[in-house]
Amino acid sequence: MVRRTKADALTTRSELLNAAERLFSERGVSNTSMMQVAEAAGVTRGAIYHHFENKLDLIYALMERVSLPIDEMRQELRQQLSDKPLAQIRERCLDITKRVQDDPHMRLLANILCHKCEYVEDTLPIHLRHLNGRNECIDETVRLLQLAQEQGDVAADVDPRLAIIGLFALIDGLLYNWLLDTEFFDLTAAAQKALDHYLNGIRA
């Protein structure tokens with residue numbers, strides 16, 4: 001019997017994630033089986049269930065794979081722009097849109113969550129996890145806007161929470177429409193202009 005190393009296991013896991021990412025993006029989560037993912041990755045049924053319990057487990061792993069660099073980006077911005085919360089908000093938004101445009105893993109995951117994940121009973125946990133992450137991000141960004149308002153960079157009559165909900169709607173709308181047709185417009189350029197117009201509208 002050939003003894004598999006830890007490196008072999010990590011390679012197999014990565015290949016399974018890549019296959020799931022591709023198939024979920026093409027066919028949708030509900031229309032893709034675990035066996036189809038295993039076949040696309042060139043492994044056995046036993047191999048995929050050794051690494052992942054089910055499709056939910058696969059989706060969670062795909063989300064975790066892109067979350068680490070995003071968390072690192074946010075930490076860097078906190079250090080670099082600690083006294084400029086409005087600039088932090090701008091750079092965070094632009095970084096996300098750039099990652100979706102330039103990083104294949106981020107783009108495919110965004111497409112799965114926006115267009116290919118049917119939020120029915122079987123996949124409801126994915127929706128709830130996505131929703132919780134979104135809400136945490138909104139709360140954190142609201143706090144940044146409140147700091148900017150306290151510094152006098154944001155108009156006093158702006159409601160920070162409503163302003164951030166509007167900002168998320170702007171960015172989410174750009175991502176949603178760009179993923180429908182990635183040739184229709186340049187996502188990064190459009191996000192930069194739209195974001196600057198929006199932020200200028202709430203400045204003091």
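Taking interchain pairs and intrachain pairs at least six residues apart, which have beta carbon atoms under 9 angstrom, with the first residue in segment 20-48 and within 14 Å of L113 (Cα to Cα) and the second in a helix (DSSP H, G or I) and polar (S, T, N, Q)? The qualifying pairs are L23/Q36; F24/N111; S25/N111; R27/Q36; V29/T123; S30/T123.
Only one of L16, L56 is under 25 Å from H130 (Cα atoms), of a type outside the set (G, A, S) and open to solvent by 20 Å² or more (accessible area, probe 1.4 Å); which? When all the criteria are applied, what remains is L56.
Here F184 meets each of (1) among the hydrophobic types (A, V, I, L, M, F, W, C); (2) assigned to a helix (DSSP H, G or I); (3) free of Cβ contacts under 8 Å to residues at least 24 places away in the same chain; (4) open to solvent by 60 Å² or more (accessible area, probe 1.4 Å) with one exception, condition (2).
If you take the residues of segment 72-92 that are among the basic types (K, R) and at pLDDT 90 or above, which of them is farthest from Q149 (Cα to Cα)? Here the residue is R92. For residues in segment 39-53 being assigned to a loop (DSSP other than H, G, I, E, B) and not hydrophobic (A, V, I, L, M, F, W, C), which is most open to solvent (accessible area, probe 1.4 Å)? Ranking the candidates gives E53 first.
The values are calculated or read from the model by the stated rules, or taken from the named source; none is laboratory data. Keep in mind it's a predicted model, so treat the numbers as computed, not measured. With ideal geometry, Cβ positions are generated from the backbone for all residues, glycine too; neighbour counts draw on all protein chains shown. The accessibility values were calculated without ligands, DNA or RNA, using every heavy atom of the protein model including side chains. Shrake-Rupley method; radii C 1.70, N 1.55, O 1.52, S 1.80 Å.
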